[in-house]
1. Express the C-alpha Rg of segment 1-46 as a ratio against the empirical globular expectation 2.2 N^0.38 Å, rounded to two decimals.
2. Which percent of the accessible area of the chain is formed by carbon and sulfur heavy atoms (probe 1.4 angstrom)?
3. Per 0.36 nm of contour for each residue apart, how much would the distance between Thr10 and Ala30 grow if the chain were fully extended, relative to their Cα-Cα spacing?
4. Accessible area per residue of the chain at 1.4 Å probe, in Å²?
5. Explain nothing, just the number: relative contact order of the chain, from Cα pairs under 8 Å at least 6 residues apart, as a whole percent.
6. Helix-only mean residue ellipticity at 222 nm, the chain, DSSP H runs n ≥ 4 weighted -39,500 (n - 2.57), per residue, nearest 500. What is it?
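The values are calculated or read from the model by the stated rules, or taken from the named source; none is laboratory data. If you're wondering where the values come from, they're calculated on a predicted model, not measured in any experiment. Surface accessibility is based on the protein's heavy atoms, side chains included, excluding ligands, DNA and RNA. Shrake-Rupley method; radii C 1.70, N 1.55, O 1.52, S 1.80 Å.
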Amino acid sequence: MRILGIDPGTGILGFGGIDGDRGTITLVDAGVIRTPVKEDDSVRLLSIYDELTEIINTTNTQHVSFENILSAHTV
């Protein structure tokens, strides 16, 4: 089973792909997708979409897992 894990972010998005087979886990690919801070959000999101689509297709990903986004605000 091939799984792509994603640590979401619009500035820097992290990803890691693994292969799992009968208790053995192998790293397939890992890295980050960076988008320019001064770009419009729509352009940044399209860039992330395009790059993730390419990663999913080239690594033959079967499942995707996203990290929960947590934020803490103080008043």
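1. For segment 1-46, the normalised Cα radius of gyration comes out at 1.48.
2. Percent of accessible area from carbon and sulfur atoms in the chain: 55.
3. Gain on stretching Thr10 to Ala30: 5.5 nm.
4. Values: 5780 Å² over 75 residues.
Roughly 77 Å² per residue, with all protein chains present.
5. 38
6. Helix contribution divided over all residues of the chain: -8500 deg cm²/dmol.
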